[in-house]
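**Student:** Input: one structure, supplied below.
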Amino acid sequence: MPVIRFVREGRDVECFPGENLREVALREGIELYGLKGRLGNCGGCGQCITCFVDVVGESSPDSLSSRTGVEDQKLRRRPQSWRLACQALVQHSLLVLTKPQTGLADGDQKIAQAKAQVLPAGPTAWPVVESPEEVDDDNESTTSGEEP
Ligand code: FES
């Protein structure tokens, strides 16, 4: 499973491949937002530009899904390594700095320390999903509406 190393928070969080970066962060109690975003954000629609993060390291060049058109438009004056968390799907392990617009004391040193620790590359196998036929067989007696 991919690991997201949140540098500011000093935490490693595992997620499933393809999970949305914003949703993983919120689920894990990672604060993505500054004051403006906490007071009002778009809920992940890519409109408020308050969920940006800086990708400061990757285990693979495609650790996140490609930039969306929304990101290209909204982040055109920001560094190329910045992403909107709500638009990014995690594919492989990576290092993320939340709230990059906010200073981080000893930021360069903390990023270097985070990079020095080995990151797992990510999924060695994709999760197995049951085929619809298997699911239907299991639920046949409960969905027919007939008494057994
Ligand atoms: S939550 Fe609004 S742009 Fe990401």
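The values are calculated or read from the model by the stated rules, or taken from the named source; none is laboratory data. Just so it is clear, the model here is predicted, and its values are computed rather than measured. Don't worry about glycine lacking a Cβ; one is built from the backbone with ideal geometry, like all the others, and counts go over all protein chains shown. Surface areas here come from the heavy atoms of the whole protein model, side chains and all, with no ligands, DNA or RNA. Shrake-Rupley method; radii C 1.70, N 1.55, O 1.52, S 1.80 Å.
**Student:** For the subset of segment 43-54 comprising residues that are open to solvent by 20 Å² or more (accessible area, probe 1.4 Å) and out of contact with any strand residue (DSSP E or B) (no Cβ under 6 Å at 6 or more places or on another chain), which member is farthest from Trp82 (Cα to Cα)?
**Tutor:** Within segment 43-54, the first condition is being open to solvent by 20 Å² or more (accessible area, probe 1.4 Å), and the residues that meet it are 43-45, 47-49, 54.
Next, from what is left, pick out any that are out of contact with any strand residue (DSSP E or B) (no Cβ under 6 Å at 6 or more places or on another chain): 43-45, 47-49.
Numbers: Gly43: 19, Gly44: 16, Cys45: 17, Gln47: 15, Cys48: 15, Ile49: 11 Å.
So the residue we want is Gly43.
**Student:** Among the residues of segment 65-85, what is the count of those that are open to solvent by less than 60 Å² (accessible area, probe 1.4 Å) and touching an Asp or Glu at 6+ places or on another chain (Cβ under 8 Å)?
**Tutor:** As a first pass, look at segment 65-85 and keep what is open to solvent by less than 60 Å² (accessible area, probe 1.4 Å): 65, 67-71, 74-75, 81-85.
Restricting the remaining residues to those that are touching an Asp or Glu at 6+ places or on another chain (Cβ under 8 Å) gives 81-84.
Adding up the residues that qualify gives 4.
**Student:** Sticking with this structure for a sec: Among helices (runs of 4 or more DSSP H) lying entirely in segment 12-125, which contain 1 or more residues that are more than 13 Å from the ligand (Cβ to nearest atom) and hydrophobic (A, V, I, L, M, F, W, C)?
**Tutor:** Those helices (runs of 4 or more DSSP H) span 21-27, 35-39, 107-116.
**Student:** Pairs, please: C-beta under 8 Å, at least 6 apart or cross-chain, first residue farther than 19 Å from Arg11 by Cβ and in segment 28-45, second within 11 Å of the ligand (Cβ to nearest atom) and not in a loop (DSSP other than H, G, I, E, B)?
**Tutor:** Cys42/Cys86; Gly44/Asn20; Gly44/Arg22; Gly44/Glu23; Gly44/Cys86; Cys45/Cys86
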